[in-house]
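*Asks:* Dropping a structure here in structure tokens format, bear with me for questions.
The values are calculated or read from the model by the stated rules, or taken from the named source; none is laboratory data. None of the values given here were measured: they were computed from a predicted structure. Backbone-built Cβ (ideal geometry, glycine too); neighbour counts: all protein chains shown. These area figures cover heavy atoms from the full protein model, side chains too; ligands, DNA and RNA do not enter into them. Shrake-Rupley method; radii C 1.70, N 1.55, O 1.52, S 1.80 Å.
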Amino acid sequence: MTSAPTPAPDAPVIAPGTLPRLMPRVAIRDLATHLATYGPLPASSSGLIAAVSDAGVIGRGGSGFPTGTKMAAVAKRGRRPVVVANGTEGEPASLKDRTLMLQVPHLVFDGVSVAASALDAVEAIVCIDSAHGQVASVMADALAQRVAARIDRIPIRIELSPNRYVAGEETALIHWINGGDAKPTATPPRPFEKGVKGKPTLLDNVETLADVALVARFGASWYRSLGGVREPGSLLTTISGGVATAGVYEVATNTTLAAALEHAGADLSQVSALLVGGYFGTWIPTFMAAQLTFTHESLRAIGGSIGCGAVFALPNHVCGLAETARITRWLADQNAGQCGPCVNGLPAIADALEHIVGASLNAAMARDRLNNLFVLVEGRGGCRHPDGVVRMVRSALATFATDIDRHIAGAKCASAPAMLPTPITGGWR
Ligand SMILES: Cc1cc2nc3c(=O)[nH]c(=O)nc-3n(C[C@H](O)[C@H](O)[C@H](O)COP(=O)(O)O)c2cc1C
Ligand code: SF4
């Protein structure tokens with residue numbers, strides 16, 4: 001394996017195979033304490049791209065794309081690129097990026113800094129949702145410390161992006177930085193070809209970049225000393241719903257969902273289903289949690305995805321279909337108003353779900369209609385927003401099939417408090 005850039009000789013090393021890596025128990029916001037904990041940044045970033053590939057780092061923003069491959073594609077463009085860190089986290093079921101930036105802001109900046117150095121970028125931009133004021137202020141303070149210490153070779157700035165779900169999609173974010181609306185467009189060109197100011201752009205999730213910072217310091221073998229063989233390392237998961245201690249947990253990627261939930265204080269006998277991977281994720285029956293791990297490979301085998309890594313535990317007394325109808329309506333409202341399948345199709349899917357949940361006379365027809373709507377919507381949007389919604393709803397139909405039959409037979413669920421959040425978001429710039 002290619003070695004990582006040589007770490008400074010006195011670098012404190014987090015023992016291989018141990019946690020925490022990304023999520024220390026107390027926040028480290030002071031630069032001196034950060035460097036004393038993680039060690040100094042390597043003097044040079046040469047060899048970083050190969051080390052990130054060897055480490056097997058994969059993107060934590062949802063698609064699970066290999067980060068080293070993406071970095072190499074940007075480097076091959078032969079023009080000085082821009083690096084963008086995606087810290088927008090519009091996913092309501094997830095808090096992991098915000099928590100990461102609040103706990104270890106310098107680790108995120110380290111990743112941005114070494115990636116920008118390795119690519120000889122002209123500049124780097126960290127994007128944070130304008131509604132996440134505390135995160136923006138902690139990150140701005142950390143950046144000011146770094147500027148004073150002259151620790152970064154490439155200039156880094158922070159941009160506050162609009163508070164919309166689709167604003168975190170990569171092309172939307174780039175449009176926003178370029179002065180347009182934060183709306184996605186069909187690709188190509190992809191950001192690595194033409195992004196900020198028309199330059200090749202490396203756009204990575206903030207957790208991914210924190211992983212890059214760890215590889216830069218400790219190397220590929222160290223990174224691989226934890227987690228699965230094909231998808232190594234640790235991962236931040238937001239666990240919520242019917243658990244005693246909801247929050248963000250750092251787990252090795254080969255941890256089972258059941259083990260993580262039990263760690264968060266879930267009594268799995270009181271949980272009927274799980275929504276894995278956020279609002280573009282997959283509903284699964286609880287018994288599957290014992291076999292599934294936090295890897296794309298494991299979840300793809302059941303048609304799912306690890307997405308943003310969030311896991312929501314549905315308590316037995318809450319109707320999963322009602323929760324699905326509510327978040328589908330919210331997701332439909334989040335469309336960027338550009339593509340027919342998304343603008344017309346997603347509200348129609350939400351209507352059909354509401355008919356079923358309401359046990360209306362049309363409920364049976366609504367169920368049949370859903371399958372036609374899926375075909376009309378899937379693969380036809382400018383971005384993956386409608387596909388993500390269809391996947392989540394389809395998994396709900398499978399997981400809550402008996403509930404659907406009950407609703408169609410006329411039964412209504414006793415109303416329970418809404419559990420999955422549907423935040424009020426802002427408008428376009
Ligand atoms: C509708 C939509 C919303 C998205 N929101 C986010 C987000 O909030 N944060 C994020 O990192 N990626 C988000 N993504 C994924 C990004 O487009 C992109 O794949 C990711 O930031 C790349 O980083 P990675 O390679 O490190 O995963 C979103 C994608 C879609 C389709
Ligand atoms: S599919 Fe939806 S969210 Fe994506 S670009 Fe089209 S209208 Fe916008």
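*Asks:* Per 10 Å bin from zero, what fraction in whole % of the C-alpha pairs of the range 320-408 is there, up to the bin with the longest pair?
*Replies:* Cα pair-distance distribution for the range 320-408, in percent: 19, 55, 23, 3.
*Asks:* Report the one residue of Ala332, Thr253, Asn344 whose Cα lies farthest in the direction of the positive end of the charge dipole of the chain (charges on C-beta: Lys and Arg +1, Asp and Glu -1; origin at the Cα centre).
*Replies:* Of Ala332, Thr253, Asn344, it is Asn344.
*Asks:* Any chance you could look up the accessible area of Ser63 with a 1.4 Å probe, heavy atoms only, rounded to 10 Å²?
*Replies:* 70 Å²
*Asks:* Among DSSP beta bridges lying fully in the chain, give the percent that are antiparallel, nearest 5.
*Replies:* That works out to approximately 45 percent antiparallel.
*Asks:* Would you tell me the accessible area of Leu160, worked out with a 1.4 angstrom probe on the heavy atoms of the protein chains, in Å² to the nearest 10?
*Replies:* Accessible area, nearest 10 Å²: 80 Å².
*Asks:* Once Lys and Arg get +1 and Asp and Glu get -1 on their Cβ, which of Thr201, Pro40, Cys127 lies farthest toward the positive end of the dipole of the chain?
*Replies:* So the residue furthest toward the plus end is Thr201.
*Asks:* To continue, here is another question. Could you run the Karplus curve 6.51 cos²θ - 1.76 cosθ + 1.60 with θ = phi - 60° over the range 271-280 and give me ³J(HN,Hα) per residue in whole Hz, x for Gly and Pro?
*Replies:* Result, rounded to whole Hz: 10, 8, 7, 10, 9, 10, x, x, 6, 9.
*Asks:* Shifting gears a bit: Report, in debye and to the nearest 20, how large the dipole of the chain comes out about its Cα centre when Lys and Arg carry +1 and Asp and Glu carry -1 on their Cβ.
*Replies:* Here the chain has a charge dipole of around 820 debye.
*Asks:* At 1.4 Å probe size, put Arg217, Arg77 in order of accessible surface, largest to smallest.
*Replies:* My answer, sorted largest first, is Arg77, Arg217.
*Asks:* Here's another thing I want to ask about it. Residues of the chain: accessible area per residue at 1.4 Å, in Å²?
*Replies:* Here the per-residue accessible area is 39 Å².
*Asks:* Further question: Given the DSSP H assignment, sum -39500 (n - 2.57) over each helix run of at least 4 residues in the chain and divide by its residue total; what's the result at 222 nm in deg cm²/dmol, nearest 500?
*Replies:* Per the formula, -11500 deg cm²/dmol.
*Asks:* Just reorder Asp110, Asp120 by solvent-accessible area, largest first, 1.4 Å probe, all chains present.
*Replies:* Listed by decreasing accessible area, they come as Asp120, Asp110.
*Asks:* Hey, what does the equivalent ellipsoid look like for the chain, semi-axes from the Cα gyration tensor as sqrt of 5 times each eigenvalue, largest first, whole Å?
*Replies:* For the chain, the semi-axes come out at 38, 24, 18 Å.
*Asks:* Percentage of Cα-Cα pair distances in the range 1-125 greater than 20 Å, rounded to whole percent?
*Replies:* Tail of the P(r) past 20 Å holds 50 percent of the pairs.
*Asks:* Please report, as a whole percent, how much of the solvent-accessible surface of the range 31-224 comes from carbon and sulfur atoms (probe radius 1.4 Å).
*Replies:* On the way: 3380 of 6330 Å².
Carbon with sulfur: 53 percent of the solvent-accessible area.
*Asks:* Turning to a different aspect of this structure: Along the charge dipole of the range 122-191, Cβ charges K/R +1 and D/E -1, which of Gly168, Val147, Ala186 sits furthest on the positive end?
*Replies:* It is Val147, whose Cα lies furthest towards the positive end.
*Asks:* Carbon and sulfur atoms: what percent of the 1.4 Å accessible area of the range 320-408 do they account for?
*Replies:* 52 percent
*Asks:* Next up: If each Cα of the range 31-224 is one equal point scatterer, what is log10 of I(q)/I(0) from the Debye formula at q = 0.17 Å⁻¹?
*Replies:* Each listed q corresponds, in turn, to -1.10.
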